[in-house]
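Working notes, beginning with the structure itself.
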Amino acid sequence: MPVRAFEMQLYPGQVAEYRRRHDAIWPELADLLREAGVYDYRIFVNEDSGRLFAVMHLAEAHHVDELPGHEVMQRWWAYMADIMETAPDDAPITEALEPVFAMTPESNG
């Protein structure tokens, strides 16, 4: 199964607000992510720096690359743009991370 990991950056003092907004994630956004093939999505935060680490586990036949064109995704990005670093279209600025180690049931690690 494909996995994507990336980092994002909150503005100073926005950890609690980021957490609050995600605790109340819009049902239509959660449905959209599932329909796109995201079956496990976790975001972690460094409380001191506001740095976010996200990891998405995807179905083989996912279509997450189509999400930026969806109206619900664009509304969510606009909703989050005041608390985190974003591109001109309000998409979060992400830095992709490359895997260097995995210990899975299938691996020898």
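Before moving on, here are some points about what is shown:
- Residues located in region 46-104, provided they are on the phi > 0 side of the Ramachandran plot and free of Cβ contacts under 8 Å to residues at least 40 places away in the same chain: 90
- Selected residue (criterion: farthest from residue 93 (Cα to Cα)) from residues of region 23-51 that are exposed (fewer than 11 other Cβ atoms within 10 Å of the Cβ) and not aliphatic (A, V, I, L, M): 27
- Pairing residues of region 30-45 that are of a type in the set (Ser, Thr, Tyr) with residues that are at pLDDT 95 or above and outside any helix (DSSP H, G or I), at Cβ distances under 8 Å and at least 6 apart in sequence or on separate chains, gives 39/57; 39/58; 39/59; 41/54; 41/55; 41/56; 41/57.
- The lone exception for residue 2 - which of (1) out of contact with any strand residue (DSSP E or B) (no Cβ under 9 Å at 6 or more places or on another chain); (2) touching a residue at least 60 places away in the same chain (Cβ under 8 Å) it fails: (1)
- Total residues in region 59-78, condition out of contact with any helix residue (DSSP H, G or I) (no Cβ under 6 Å at 6 or more places or on another chain) and hydrophobic (A, V, I, L, M, F, W, C): 5
The values are calculated or read from the model by the stated rules, or taken from the named source; none is laboratory data. Fair warning: this is a prediction, and the values are worked out from it, not measured in the lab. Reconstructed Cβ throughout: ideal geometry from the backbone, glycine too, with neighbour counts over all protein chains shown.
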